[in-house]
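Notes for the one structure printed next.
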Amino acid sequence: MLSANKEKLQSYFMGANQFIIPFFQRSYVWDSKNWLELWENIINVKNKISEGKTESEHFIGTIIIKQSTKTERLGALEYDLIDGQQRLTTICILLRALHDVSNEDSLKKWIFDLLISRDSYGNENIRILHSKVDKKYFEQVILDKECNNLLYNKFNEIEEIKQSKENGIKQAYCFFRKQIIKELVQEDIRSFAGILLERLPVIHMALSKDDDVQQIFDTINSLGVRLTTAELLKNHLYAYKNVASKYKEYWEDVFEADEDAINFWNENKTSGRIMRTTIELFLYSYLVIIKEGTVKMESLFKEFKDFLKDKTAEERLEFAKDLSEYGQLYSKIPDGKNLGEIMFNEHDKRFFHVIQGLENTTILPLVLYIYKRVDNELERNKILRIFESYLIRRAICKLTTKNYNNLFISILKDMKKEPVITADIVKQKLMSYEDDSNRVPNDEDFKTGFYSSHLVNKYTSEILYCIALYQICNEFQDSKKLSLSNLSLEHMMPKKWRNNWPLEEGEDEFQRDSILLTLGNLTLVTGKLNSSMRDSPWKNKKEALRKNSSLRITTDYIHTDIWNENEILNRVQSLFEYAKTIWNM
């Protein structure tokens, strides 16, 4: 390490300094919370100075740079920006916003000269050189005044900026320009810029060309800086020289090709009770596949690092290639908006809709491996239907899910031994289990569970949704698609039946309370019934149900004059016939 000392931000904007963000760094991720915190910190220092506390300042973190080995332009001082790119990028954006709001030409020129550097040829170079998708947006904001004006005029309020789908760099520019106009007068802009550059010190760390960047990253992460698993793995894997040459082909083109790709991989998903990004779930699934064993999500990078440490250069390159191929497959798996509205015969979409509804992601590594090995779509869909039947039957029979992780890893191992994977092989494997922790419920168990089980609402909705899809899967239907998000779960006999539903002869309260929570009494409607209609007598309620649903799981059963235990039993018998057809084994 060459040095570590306290520095003013202004030192980064002087002379021929240019900071290059390495290809393996994350994209710009700061959002309105970070921008507002920075803004308030500057305003706080400004107010303290106004009160006479002339030495006031606010420390904003650490910036780590490394001498570049690729400087080719005489007079240019190029550095790799190892840590602090989010802060420096944001400072540049704020300076540009100050430039655009100011009406003082000398100040505007001074600020613009901070945002560029000049080499010995007199060429102007942008102060921070971004990579990947951020490059064009950053250069646009820093260099293109007309574009900035058009962008700024799109939004009337800061809330509109936060909710927009603009790139984060563009959002940041609009945010700061709004704040400047809202809180500063022209006379304040010069002093505000001075505070920004002179009163927000950082710890400046300069590395030599020989310092180990990967070790620095590991140290940063251990100190609590939030580098994601994907960033850590990328930095570690592509630090190897023979792998680095394949970065674009094996990593960027798959995980960072454009904004859509970045948004896809960074989208948050529920995994158990914890939110995980798509890329974390993928990396978890991939590591389970290659290790053929359990993996702890909390220590995912460490497990990757341990796996790679004894590999040869050729093996690491093969790892990078294999990871890339699996990533391409994973990106094609139906997910998110692709599952919003589906048809029954879209078997792959229905399967992934079901595992989301049942909150079961432990099967993902096995399914990803099936996608890798089974090219034939028809055969793959048969396998997905078998897995779906297995999961649904066990959910309806309320059999444990605690052993699923070990079970699916065991099946994964067995499938790796098969020269060809077929639906018959998968089914045979599942049918071989006999204990309750793994077995496939037979038709009698399935029927008993379907008639009597009290399931959580999410499971019930998923099961009824699939039956409703099956019922509209015929040539006479104009539309064969449904979205579960447009449907709500309702009790046909209300939970508060005591208000308007007196017991009939031979009925008892316990029996009625029990049966009204079963699938025979639950349905999906297209609009939520209001509370008064939910508890109203059957004569009124069936009209409300008819009005709020066109689905046969409701309309086929609301023509009776009375809704009681017998009618619930008749309905569950009818629905079970559909279920047995859909989830046969």
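No value in this document is a laboratory result; all are computed from the given coordinates. Owing to the predicted nature of the structure, the values given are computational and were not obtained by experimental measurement. When we count neighbours, we look across all protein chains shown, and the Cβ atoms used for this are built from the backbone with ideal geometry, even at glycine.
Projected onto their three principal axes, the Cα atoms of the stretch 86-216 cover extents of 50, 34, 31 Å, largest first. Only one residue of L455, T581, T422 has its Cα farthest out toward the positive end of the dipole of the chain, where Lys and Arg carry +1 and Asp and Glu -1 on Cβ, and that residue is L455. Counting only Cβ charges, +1 for Lys and Arg and -1 for Asp and Glu, the dipole size of the chain around its Cα centre is about 180 debye. Among the listed pairs K382/K580; K302/K417; K248/K372; K305/K402, those whose Cα-Cα separation exceeds 25 Å are K302/K417; K305/K402. The residue list L129, N149, F175 was ranked by how far each Cα lies along the charge dipole of the stretch 118-186 toward its positive end, using unit charges on Cβ atoms, and L129 comes out on top.
Each residue, S208 and N242, gets one label point 7 Å from its Cα in the Cβ direction; the gap between the two is 2.9 nm.
Annotation: amide H of I126 within the under-5 Å range of S117, sequence separation 5 or more or interchain, hydrogens built in the peptide plane.
The mean sequence separation of alpha-carbon pairs under 8 Å and at least six residues apart, normalised by the residue count of the stretch 363-505, gives a relative contact order of 24 percent.
If you line up the long axis of helix 85-101 against the longest principal axis of the chain, both from Cα atoms, how many degrees apart are they, to the nearest 10? That works out to roughly 70 degrees.
Here the convex hull built on the C-alpha positions of the stretch 229-332 has a volume of 95 cubic angstrom per residue. The helix-based estimate of mean residue ellipticity at 222 nm for the chain, built from -39,500 (n - 2.57) per DSSP H run of four or more residues and divided by its residue count, is -16000 deg cm²/dmol to the nearest 500. Based on the alpha-carbon gyration tensor of the stretch 336-441 and its eigenvalue square roots a ≥ b ≥ c, which shape applies: rounded if a/c is under 1.5, prolate if not and a/b is larger than b/c, or oblate? Oblate is the answer for the stretch 336-441, as a/c is 1.5 or above yet b/c matches or exceeds a/b. What separates the Cα centres of the stretch 7-60 and the stretch 305-331 is a distance of 38 Å. Highest-first packing order for the peptide set 237-244, 197-204 is 197-204, 237-244, based on the mean count of other beta carbon atoms within 10 Å.
Sequence-ordered 3J(HN,Hα) estimates for the stretch 568-585 from the Karplus curve with 6.51, -1.76 and 1.60 and θ = phi - 60° stand at 4, 5, 4, 5, 5, 5, 5, 5, 5, 4, 5, 4, 5, 6, 5, 10, 7, 10 Hz, glycine and proline given as x. Each part gets one Cα centre, and for the stretch 114-191 versus the stretch 422-494 those centres are 52 Å apart.
Projecting the Cα atoms of F282, P365, L81 onto the charge dipole of the chain (Cβ charges, centred on the Cα centre) puts L81 farthest toward the positive pole. Here, the chain has an Rg and a Dmax of 30.5, 100 Å when only alpha carbons are counted.
DSSP beta bridges fully contained in the chain are about 65 percent antiparallel. The packing ranking, built from the mean of other Cβ atoms within 10 Å per residue, places the peptides 414-420, 254-260 in the order 254-260, 414-420, highest first. For the chain, the longest principal axis of the alpha carbon atoms and the long axis of helix 313-332 meet at an angle near 60°.
Packing, as the average of other Cβ atoms within 10 Å across residues, places the peptides 400-408, 276-284 in the order 276-284, 400-408, highest first.
For L207, the residues 5 or more places off, or on other chains, whose built amide H falls under 5 Å of its own are L2, I65, K66, Q67. Listed by chain and number, the lysines whose alpha-carbon sits under 26 Å from that of K541, ignoring those within fewer than 8 places in the same chain, are K458, K495, K496, K528. Angle, helix 347-357 long axis vs. longest principal axis of the chain, Cα atoms, 0 to 90°, nearest 10? Taking Cα atoms only, the helix is inclined about 80 degrees. Residues whose amide H lies under 5 Å from that of K269, counting only those 5 or more places away or on a different chain, are R276, T277, T278; hydrogens are built 1.01 Å from N in the peptide plane.
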